Amino acid sequence: MSKRRDIFLFTILIVLLLCLFGFLGKSKPEAEEVPKPGVVASPKIFAHRGAINQFNENTITAYKIASEENVDAIEIDLRMTKDNVLIAMHDETIDRTTNGTGRVSELTLRDIKSCVTLGLYNGEITMEEIPTLGEVFQAFGGSQKFYIETRLVYGETAMEEVLVRMLSDYNLLDKEKVAIQSFSVESLEKMADLAPDLRLTLLFREGEFELDKALEVDFPVIGMESTDVTAEAVNALHSQGKEVHVFFNDSETMEEQQEKMKQLNIDGYFTDNISYTKRLLGK
Ligand code: G3P
Ligand code: CA
């Protein structure tokens, strides 16, 4: 009898020891990093290529609609034509957004003006010319802040001098009127040389965000795609006093992503739906 009792007690002891070590061995789940406050009093709203959900992207009408919604800035994507004219166009070619075809860098302004942007809104086809940057500045003057995205042209910093000359001509070399963003460090460094007062944002492509690089570079604002944003990255950038501006590549998930970004206290939203973001942020 006592033998059976001993075996029973020994078994209980083994089970208890296994539970104890099992429990201790379990590492505590990584404590979720707690989002710290943003570096701006109130997060900013940027109209991504204008009011892109209401009219053809990067057109004067899309910018005008955004301007009437009192956004903090309107984003302009810049490209340069073969004859060195700056125009508002996101893609390398005009194929996706117009009735024309070809690379902007291989087209003259005359070619660009011979086609129109095309869109479909509320069941209606919308058409408008591709604006030059000069036409945008003439349409708005200093009444609206612009967040201009520069790009390299054939790998060269070819647009910056033209851009700064235009900003100067239109009396827009003012950080209250224009901010600059780019995926290219080279372009931003050229802009820093030519227009040292303007605030510069280094953008990171989706899936290519590097926190070490974002912390190391000497730019006051970091732009990244929403799926790359973490509390750790935002807190680390905020601890350096850097702003975090976020863009949303997937329109399907944009709303839920913007809700997540709000929890992380980001500082700026490149939104495709101004009214949604204004409601989300209580503006
Ligand atoms: O500038 C923020 C955002 O516009 C960057 O992505 O491709 O929309 O220009 P993309
Ligand atoms: Ca852009």
Here, strands (runs of 3 or more DSSP E) confined to the range 64-180 with at least 1 residues that are surrounded by fewer than 17 Cβ atoms within 10 Å (Cβ to Cβ) are 116-121, 124-129
Mind checking whether some residue in the range 32-39 is surrounded by 14 or more Cβ atoms within 10 Å (Cβ to Cβ), modelled with pLDDT of 80 or more and either over 29 Å from the mean Cα position of the chain (by Cα) or in a strand (DSSP E or B) (or both)? no
Scan of the range 57-91 for residues that are within 11 Å of ligand 1 (Cβ to nearest atom) and among the acidic types (Asp, Glu), ordered by number: 57, 75, 77, 91
Residues of the range 216-233 satisfying the condition of being of a type in the set (A, V, I, L, M) and either buried (at least 21 other Cβ atoms within 10 Å of the Cβ) or outside any loop (DSSP other than H, G, I, E, B) (or both): 221, 222, 224, 231, 233
Residues located in the range 234-283, provided they are in a loop (DSSP other than H, G, I, E, B), more than 16 Å from residue 37 (Cα to Cα) and β-branched (Val, Ile, Thr): 253
Would you tally the residues in the range 256-266 being of a type in the set (D, E, K, R) and touching a Ser or Thr at 6+ places or on another chain (Cβ under 9 Å)? 1
Out of all the residues in the range 204-215, is one or more within 15 Å of ligand 2 (Cβ to nearest atom), modelled with pLDDT of 95 or more, assigned to a strand (DSSP E or B) and in contact with a Gly (Cβ under 9 Å, 6 or more places away or on another chain)? no
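Among residues belonging to the range 40-59 that are of a type in the set (Val, Ile, Thr) and buried (at least 20 other Cβ atoms within 10 Å of the Cβ), point out the one that is farthest from residue 283 (Cα to Cα).
59
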Just a yes or no: is a residue in the range 193-201 within 14 Å of ligand 2 (Cβ to nearest atom) and at pLDDT 95 or above? yes
Leading residue by the ranking (nearest to residue 127 (Cα to Cα)) among those in the range 92-107 that are more than 16 Å from ligand 1 (Cβ to nearest atom) and hydroxyl-bearing (Ser, Thr, Tyr): 98
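The values are calculated or read from the model by the stated rules, or taken from the named source; none is laboratory data. What you see is a predicted model, and the numbers here were worked out from it, not measured in a lab. Cβ atoms come from the backbone with ideal geometry, glycine included; neighbour counts cover every protein chain shown.
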